[in-house]
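J.: This is the structure, below, for whatever I ask next.
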Amino acid sequence: MTNKIPLPGTPVRGSASGSPIMALFDLLGRRWAMGVLWQLAENRAPCTFRELQSLCEMISPGVLNARLKELRSADLIEKTDGGYTVTKLGQEVYNALLPLSAVSKQWAHALKENH
């Protein structure tokens, strides 16, 4: 199951029925998947493979290639003449993650204050 692209309606990590939210979390929970989507959404301009690899710091070419294939198959990103970019659906996923990003920063601050 780890090499298959998580899709709603098929068994995924945490859900034998393939609940859509669990399929999305399975996909985004793969190493660097959310980071690739995040970088493309924040960059707002198409990125070449090399540009994206640079934005993602220490990602290996093999992992980046695998995540790009998965995210393209999931219709969250697309490849254009200028490079990789988020789709409308990918942008919606990114926008939905922004509140979680804000909460994560509050959490990090609270942990720092309490420890």
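The values are calculated or read from the model by the stated rules, or taken from the named source; none is laboratory data. Every value quoted in this text rests on a predicted model; they were computed, and no experiment measured them. Neighbour counts are summed over all protein chains in view; Cβ atoms, including those assigned to glycine, are modelled from backbone coordinates with ideal geometry.
J.: What number of residues in segment 37-46 are over 15 Å from residue 92 (Cα atoms) and at pLDDT 95 or above?
T.: 1
J.: Sticking with this structure for a sec: Please list, ordered by first then second residue, the pairs with beta carbon atoms under 8 Å, 6 or more apart or interchain, first in segment 27-41 and more than 17 Å from residue 83 (Cβ to Cβ), second of a type in the set (Gly, Ala, Ser) and at pLDDT 95 or above.
T.: That search, which allows pairs on different chains as well, returns 27/33; 27/74.
J.: Does segment 70-84 hold any residues that are over 11 Å from residue 33 (Cβ atoms) and within 12 Å of the chain's Cα centre (by Cα), and which are they?
T.: Narrowing segment 70-84 to residues over 11 Å from residue 33 (Cβ atoms): 72-73, 75, 78-84.
Result: 72, 75.
J.: Does residue 79 count as surrounded by fewer than 19 Cβ atoms within 10 Å (Cβ to Cβ), out of contact with any Ser or Thr (no Cβ under 6 Å at 6 or more places or on another chain), basic (Lys, Arg) and not in a loop (DSSP other than H, G, I, E, B)?
T.: So residue 79 passes the test.
J.: Can you tell me which of 52, 24 is surrounded by 14 or more Cβ atoms within 10 Å (Cβ to Cβ), touching a residue at least 12 places away in the same chain (Cβ under 8 Å) and closer than 18 Å to residue 98 by Cβ? Reasoning before the result, please.
T.: Values: 52 fails: closer than 18 Å to residue 98 by Cβ.
Unique residue meeting the criteria: 24.
J.: Still on this structure, I have one more. Please enumerate the residues belonging to segment 79-104 that are touching a residue at least 60 places away in the same chain (Cβ under 8 Å) and touching a strand residue (DSSP E or B) at 6+ places or on another chain (Cβ under 9 Å).
T.: The answer is 93, and nothing else.
J.: For the condition farther than 16 Å from residue 77 by Cβ and of a type outside the set (Phe, Trp, Tyr), what is the one hit in 41, 45, 33, 16?
T.: 16
J.: Any idea which residue in segment 55-76 is farthest from residue 4 (Cα to Cα), counting only those that are surrounded by fewer than 16 Cβ atoms within 10 Å (Cβ to Cβ) and touching a helix residue (DSSP H, G or I) at 6+ places or on another chain (Cβ under 7 Å)?
T.: 61
J.: So, one more: Pick from segment 82-115 the residues that are among the aliphatic types (A, V, I, L, M) and in contact with a Leu (Cβ under 7 Å, 6 or more places away or on another chain): which of them is surrounded by the most Cβ atoms within 10 Å (Cβ to Cβ)?
T.: Across segment 82-115, the extreme among qualifying residues is 86.
J.: On to the next question. Out of the residues in segment 51-76 that are in a helix (DSSP H, G or I) and of a type in the set (Ser, Thr, Tyr), which is farthest from residue 23 (Cα to Cα)?
T.: 54
J.: A further question follows. Does residue 33 satisfy the condition of being touching a helix residue (DSSP H, G or I) at 6+ places or on another chain (Cβ under 9 Å) and buried (at least 19 other Cβ atoms within 10 Å of the Cβ)?
T.: When the stated conditions are applied, residue 33 passes them.
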